[in-house]
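Peer 1: What follows is a single structure, and I will ask about it in a moment.
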Amino acid sequence: QVQLVESGGGLVQAGGSLRLSCAASTRRFSSYAMGWFRQAPGKEREFVACINWSGDSTYYADSAKGRFTISRDDAKNTVYLQMNSLKPDDTAVYYCAADRSFGDPPVYEYDYWGQGTQVTVSS
């Protein structure tokens, strides 16, 4: 069982930045592909970004390209989502997820999910 704990959410003005973190409770973190998803009020959860087990391949939703960057630090068992140029439409609960896979993004089947962190972007 892998526990994922997100942090770093908050309230930010449009145009601002936030960095989300997701800490994983596994000694085999480097064996997991990691992803970020988000869910806005009244909407379905949607994919944001993912990174493969080695960190050398990433994939982004069109809405995130050029503004968000996913990265990982295996020494800290943590995956990050750097979000720049935030817009009100980015307001959502952001979730990280893990899939024990050595495949290439974006096709993963996530087995573990965090509880989410709220991001609110004011206009």
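The values are calculated or read from the model by the stated rules, or taken from the named source; none is laboratory data. Computed from a predicted model, the values in this text were never measured in an experiment. So basically every Cβ, Gly included, is an ideal-geometry build from the backbone, and we count neighbours across all protein chains shown. Just so you know, the surface numbers come from the protein's heavy atoms only, side chains and all, with ligands and any DNA or RNA stripped out. Shrake-Rupley method; radii C 1.70, N 1.55, O 1.52, S 1.80 Å.
Peer 1: Take the residues of region 87-108 that are at pLDDT 95 or above and of a type in the set (Asp, Glu): which is farthest from ARG67 (Cα to Cα)?
Peer 2: Here the residue is ASP99.
Peer 1: Does any residue of region 56-68 turn out to be of a type in the set (Val, Ile, Thr), more than 9 Å from the chain's Cα centre (by Cα) and either within 18 Å of VAL5 (Cβ to Cβ) or buried (at least 20 other Cβ atoms within 10 Å of the Cβ) (or both)? Give the derivation first.
Peer 2: Initially, region 56-68 is screened for residues of a type in the set (Val, Ile, Thr), giving 58.
When the remaining residues are screened for being more than 9 Å from the chain's Cα centre (by Cα), the result is 58.
Okay, now just the ones that are also either within 18 Å of VAL5 (Cβ to Cβ) or buried (at least 20 other Cβ atoms within 10 Å of the Cβ) (or both), so none.
So far as region 56-68 goes, no, none of its residues is of a type in the set (Val, Ile, Thr), more than 9 Å from the chain's Cα centre (by Cα) and either within 18 Å of VAL5 (Cβ to Cβ) or buried (at least 20 other Cβ atoms within 10 Å of the Cβ) (or both).
Peer 1: Further, regarding this structure: Output the qualifying pairs, or none if there are none: Cβ atoms under 6 angstrom, residues six or more apart or on different chains, first residue in region 8-30 and more than 19 Å from TYR80 (Cβ to Cβ), second residue open to solvent by less than 60 Å² (accessible area, probe 1.4 Å) and β-branched (Val, Ile, Thr).
Peer 2: LEU11/THR120; ALA14/VAL121
Peer 1: Which residues, taken from region 108-121, are under 24 Å from GLY15 (Cβ atoms) and open to solvent by less than 40 Å² (accessible area, probe 1.4 Å)? Walk me through it before giving the result.
Peer 2: Looking only at region 108-121, we keep the residues that are under 24 Å from GLY15 (Cβ atoms), and these are 116-121.
Once the filter is applied, which keeps residues that are under 24 Å from GLY15 (Cβ atoms) and open to solvent by less than 40 Å² (accessible area, probe 1.4 Å), region 108-121 yields GLY116, THR117, VAL119, VAL121.
Peer 1: Moving on. Which one of these is outside any loop (DSSP other than H, G, I, E, B), touching a Leu at 6+ places or on another chain (Cβ under 8 Å) and surrounded by 22 or more Cβ atoms within 10 Å (Cβ to Cβ): ALA49, ALA23, ALA33?
Peer 2: ALA49
Peer 1: Select, from GLY66, GLY15, GLY42, GLY55, the only residue that is assigned to a loop (DSSP other than H, G, I, E, B), of a type outside the set (A, V, I, L, M) and touching a helix residue (DSSP H, G or I) at 6+ places or on another chain (Cβ under 8 Å). If you could, list the steps in order and put the result at the bottom.
Peer 2: Working: GLY66 fails: touching a helix residue (DSSP H, G or I) at 6+ places or on another chain (Cβ under 8 Å); GLY15 fails: touching a helix residue (DSSP H, G or I) at 6+ places or on another chain (Cβ under 8 Å); GLY42 fails: touching a helix residue (DSSP H, G or I) at 6+ places or on another chain (Cβ under 8 Å).
Among GLY66, GLY15, GLY42, GLY55, only GLY55 is assigned to a loop (DSSP other than H, G, I, E, B), of a type outside the set (A, V, I, L, M) and touching a helix residue (DSSP H, G or I) at 6+ places or on another chain (Cβ under 8 Å).
Peer 1: Somewhere in region 49-56, is a residue polar (S, T, N, Q) and within 18 Å of GLY8 (Cα to Cα)?
Peer 2: No, region 49-56 contains no residue that is polar (S, T, N, Q) and within 18 Å of GLY8 (Cα to Cα).
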